[in-house]
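The values are calculated or read from the model by the stated rules, or taken from the named source; none is laboratory data. All figures in this text were calculated on a predicted structure; none of them were measured in a lab. Heads up, the Cβs are rebuilt from the backbone with ideal geometry, glycines too, and the neighbour counts pull from every protein chain shown.
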Amino acid sequence: MRGAITNEPPLVEIENLSVDFATSRGAMHVLRDVSLTLAPRRIVGLVGESGSGKSTLALALLGLLPTNATGVTGRIDLSGVDLLSLPPERIEALRGNRIAMIFQDPMTALNPVFTLATQLIDAQRRKFPRLSRSELLERAAKMLTRVGISDARARLSAYPHQLSGGQRQRVMIAMALLCEPDVLIADEPTTALDVTIEAQIVDLLKELREEFAGSIVFVSHSLGLISDLCDEVAVMYAGKIVESGPTAEVFADPRHPYTQALLACEIDPGHDFSERLVTIKGELPDLVAVPQGCIFAPRCPSRFEKCGTEPPPLHVAPTHAAACWLVE
Amino acid sequence: MNDIWSQGSLVRYGAVRLAFAALVLVGSITLLCCLTLIVRGDPATILLGPRATPDAVALFRQQMGLDLPIYERVFVFFANALQGDLGTDVISGRPVAGLVLAALPNTMMLAVSAIALAMLIGIPIGCYAAVRPGSVADQVLAVLSVSLVATPSYVVAILLLYFFSVRLGWFPVLGAGDAGDPLDQLHHLVLPTIALAVGWIGYIARLVRSSLLEVLGEPFIRTARAYGQPERRVVMKYALKLACIPTVAILGVGIGELMGGAVFVEIIFNRPGLGSLVFKAIGDRNYPVVQGSILVIVFIFVVANLLVDFLYAWLDPRIRENIGRARGGGA
Amino acid sequence: MHDVFQRIWRSPSGRLGLIATLLVVICGIAAPLLATHQPNALDVAARLSPPSVAHWLGTDQLGRDLFSRGLYGTRIAVLVALAVTSTALVVGTLLGVIAAYAPAPVERAILALFDIISSFPSLILALSLVAVLGPGLANIILLVTVVFIPQFGRVARAQTLTVKERPFLEAERALGASGSRIMLFHVLPNIIGPIVVLASMNVPVVITLEAGLSFLGVGIRPPLASWGAMLFDGFTYLDQSIWPVLVAGGMLTLATLGFTLFGESLRDAIDPKLRREP
């Protein structure tokens, strides 16, 4: 049953992952000592503001970090293999095979000069090298219908610019599902879409969630989406995971001040607009010259002296952890 | 996709561009005819000489149609041209169409080989440089290609002629070779082709390099990589097709410039061809030949541009929607 | 302005281009001062001789000093380049801006004119016009200018169309600024960038075209020292001495190279979007 905590070994284990980007001002610490576990058939949400490092984490899983990414340390373990130590051809072999990704902006994620058929067929070649072109085309047509694209067969010979944004995102989802990956990463799949289209895509994801056999990493800045779709959540801030655990628990009983602030910021339908909107004072820290101590301390309303030292993830409950001294 | 006139159809795009090109052609030739109006002095006396009798002059003017109003001249010219009559050579009395048709294959051979050579060498070089940006090879290529582009084709032609024909004797100095012997013709073709192609090799290499680099940074390339496409396929199939589009776009203009360059090369290597024909006719004030050959040159240019537009639309389906716009012509 | 200059200076090719361009311009202006001989002074005894102490770069078929003629050739090249580019820029930009603001028939007529001019390969157009007007310095400047008008016109029009719709122009209109005032003070400064870049990239093309026409004998005629004419003379006597060809061709190439490098680094410095990331 989806959502049940099993005793199976984790599918993906990220241990102490750190990534720096080389910039003109020096090394920017985009991810610092991030650890995360992804169990089979679970959906983990990564939530955080822009600049929190969540997209970088997603790209790191795929081995698609940009060329200015230096200082990559740590370990990403996929079924016993450390992805970071693999040579490029081995990682290439995993993409579109055991790991697949849905990108954020469907308008630019598809190649404008090739038909959908070509792109969908090529995407499957890693996983199904022995299938013929027509068989792959057939699978693509069926999947397009499954994700809600009408007249799929005709659509296959269309070019991306002839489709709407919502349709293109459905195609991206289809592309990912066609690979039957063990790990599916969805990097803010609805952010670039209109609200009404977003709702449709979210419904589609909910439908597909039951059928999908692998695990999903769902990256978003929307708490609402995360609570709707994900079993577990990891809250990220400035390159670190500040709180993680089962979604329901974390959102009901947030222990890290940042998570609490995030939840408070969400505008709920019953909001009384005579009250001021809640905001988080201050700004994101400089990721090049990272200040000492708890990364959230400068903006934290409850900080005290101990916050001068960086807190490790402390357990609130067996699966719920928050990196805050207040947990003690 | 069933209806031949449907949006995005290549055919519809082609038809519109064809109509537009025809209009431009008519306009160009009209301009040309108008130009002969402002020739200083009377063409008849210039050509026939100061000792020509008034009767001879009058007869000549009548034959040339110089006494007709300008719009009639243009109309007559076009009417004749469509029937294959481009006028008569004033000096030899032979039909211009014949002269042009005899000269045309030589020039086309030269132009086509030059473009083919330029693309054959330029595109792979550009690819190589784009895949290894910043490397020693890339930098050497950058310097070399700029130098090649900067050197005018006639300078290259003269230098090639000097070193390889006059000095080393590897290649013949003049002519297009024996008409019946393709190998001999090829032998005569080598240096002129290289002279014409050199500048374009550099230009194409740089163009391919910069467009390929740009395309490789696009999000959809990341998608292709994310689905495990082998790097070779990513570059050669997904990126290259798009990156070649700017190269194709300049091909049309390139053919025109090449025909201009052919004038120099034909004169320097003493090859028969449209270029040397036009040039000699201008010197002789042989207007019918000038008009006729320029009509053919412009016609070829316009047709070549049309083909290039077609190729462009075939490569990039997004263009098929923007039907009225000429490549580089509109906003 | 200042940081554009800095960016050009920082790149090696830009620096080279800037230096070469300045060198060419200086040679052109200071030719009488730098030349060792009068450009038309004959020394028939020493005709077609290689470089020597008396003639630094050798002599041509009439014994004229190649170094001095080459320097005076720089004058011609710079003069023609300047005259043609600035005239084509002004006329083309004017037509382009008018086309952007004018009613549709006028715009279409102007664009048709551009299309017709560009339907001729540039050399062929130049040759046709030469057939009509005859050779000579003034005519060459005129007809080469015509060849380049469409490019400036199209860029100017495209830029004006983009700028026209910007909100700040509406604000100006709302404040009551007149049409010409808007065009002069607000549109022009915003479109001038790409136009200047186009001008700098066209300079080497103009030089090459003029030299080519002079080479064919329909451009600038002797005794005026044009590199193209020198090249043709050299070609005629190629079997006797390669030096005239080398000097003329070399100077032509170096000037073109310098202007090309400069033009490209100017383009890269002005428009960050066009700059290629390392």
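Scanning region C:103-119 for residues that are touching a Leu at 6+ places or on another chain (Cβ under 9 Å) and small (Gly, Ala, Ser) yields C:Ala112, C:Ser118, C:Ser119.
With respect to the stated conditions, C:Gly136 is within 25 Å of B:Ser276 (Cβ to Cβ) and away from every other protein chain (no Cβ under 11 Å).
Which residue, of C:Val106, C:Val84, is part of a helix (DSSP H, G or I) and under 22 Å from the mean Cα position of the chain (by Cα)?
Step by step, each of C:Val106, C:Val84 is checked, and only C:Val84 is part of a helix (DSSP H, G or I) and under 22 Å from the mean Cα position of the chain (by Cα).
Counting only helices (runs of 4 or more DSSP H) that sit wholly inside region C:164-244, those with at least 3 residues that are surrounded by 17 or more Cβ atoms within 10 Å (Cβ to Cβ) and at pLDDT 75 or above are C:188-215, C:227-236. Sort out which residues of region B:78-107 are of a type in the set (A, V, I, L, M, F, W, C), in a helix (DSSP H, G or I) and touching a residue at least 24 places away in the same chain (Cβ under 8 Å), and write them in order of number. Within region B:78-107, B:Phe78, B:Ala81, B:Val96, B:Ala97, B:Leu99, B:Val100, B:Ala102, B:Ala103, B:Leu104 qualify. Pairs meeting the criteria (first residue in region C:232-257 and without any contact (Cβ under 8 Å) to a residue 24 or more places away in the chain and more than 7 Å from chain B (Cβ to nearest Cβ), second residue aliphatic (A, V, I, L, M) and outside any helix (DSSP H, G or I), beta carbons under 7 Å, at least 6 apart or on different chains) are lacking. Candidates in region B:278-303 are the residues that are more than 10 Å from chain C (Cβ to nearest Cβ) and among the aliphatic types (A, V, I, L, M); of these, the one that is surrounded by the fewest Cβ atoms within 10 Å (Cβ to Cβ) is B:Val303. The condition of being within 30 Å of A:Pro246 (Cβ to Cβ) and without any contact (Cβ under 8 Å) to a residue 12 or more places away in the chain holds for only one of A:Val12, A:Val81, that being A:Val81. Taken together, the criteria exclude B:Gly202 from residues that are outside any helix (DSSP H, G or I), within 14 Å of chain C (Cβ to nearest Cβ) and of a type outside the set (Val, Ile, Thr). Of all the listed residues (A:Thr67, A:Thr108, A:Thr118), the sole one being assigned to a loop (DSSP other than H, G, I, E, B), out of contact with any Gly (no Cβ under 8 Å at 6 or more places or on another chain) and without any contact (Cβ under 8 Å) to a residue 24 or more places away in the chain is A:Thr67. Applying the criterion of being small (Gly, Ala, Ser), touching a helix residue (DSSP H, G or I) at 6+ places or on another chain (Cβ under 6 Å) and within 18 Å of A:Ala234 (Cα to Cα) to the residues of region A:15-74, the residue that is surrounded by the most Cβ atoms within 10 Å (Cβ to Cβ) is A:Gly45.
Among the residues of region B:234-248, those identified as under 16 Å from B:Val308 (Cβ atoms) and in contact with a helix residue (DSSP H, G or I) (Cβ under 6 Å, 6 or more places away or on another chain) are B:Ile245, B:Pro246, B:Thr247, B:Val248. On the stretch given as region C:78-123, residues that are within 12 Å of another protein chain (Cβ to nearest Cβ) and either small (Gly, Ala, Ser) or over 19 Å from B:Phe20 (Cα atoms) (or both) total 9. In region A:110-121, of all residues being at the interface with chain B (Cβ under 7 Å from one of its Cβ atoms), under 27 Å from the mean Cα position of the chain (by Cα) and farther than 22 Å from A:Ala93 by Cβ, the one that is modelled with the highest pLDDT corresponds to A:Leu110. I need a count of the residues in region A:158-217 that are closer than 18 Å to B:Arg225 by Cα and aliphatic (A, V, I, L, M). Qualifying residue count for the region: 12.
One residue stands out in region B:235-276 among those that are in a loop (DSSP other than H, G, I, E, B) and within 21 Å of B:Gly98 (Cα to Cα): the one that is nearest to the other protein chains (Cβ to nearest Cβ), namely B:Asn270. Screening B:Glu218 on (1) more than 8 Å from every other protein chain (Cβ to nearest Cβ); (2) on the phi < 0 side of the Ramachandran plot shows it passes everything except condition (1).
Name the single residue, out of those in region B:226-235 being closer than 19 Å to A:Asn97 by Cβ and within 39 Å of the chain's Cα centre (by Cα), that is surrounded by the most Cβ atoms within 10 Å (Cβ to Cβ). My answer is B:Gln229.
Given the options A:Gln124, A:Gln104, name the one that is within 21 Å of A:Met172 (Cβ to Cβ), surrounded by 17 or more Cβ atoms within 10 Å (Cβ to Cβ), within 11 Å of chain B (Cβ to nearest Cβ) and modelled with pLDDT of 90 or more.
Going through A:Gln124, A:Gln104 in turn, just one is within 21 Å of A:Met172 (Cβ to Cβ), surrounded by 17 or more Cβ atoms within 10 Å (Cβ to Cβ), within 11 Å of chain B (Cβ to nearest Cβ) and modelled with pLDDT of 90 or more: A:Gln124.
Number of residues in region A:70-91 that are within 12 Å of chain B (Cβ to nearest Cβ) and either assigned to a strand (DSSP E or B) or charged (D, E, K, R) (or both) equals 2.
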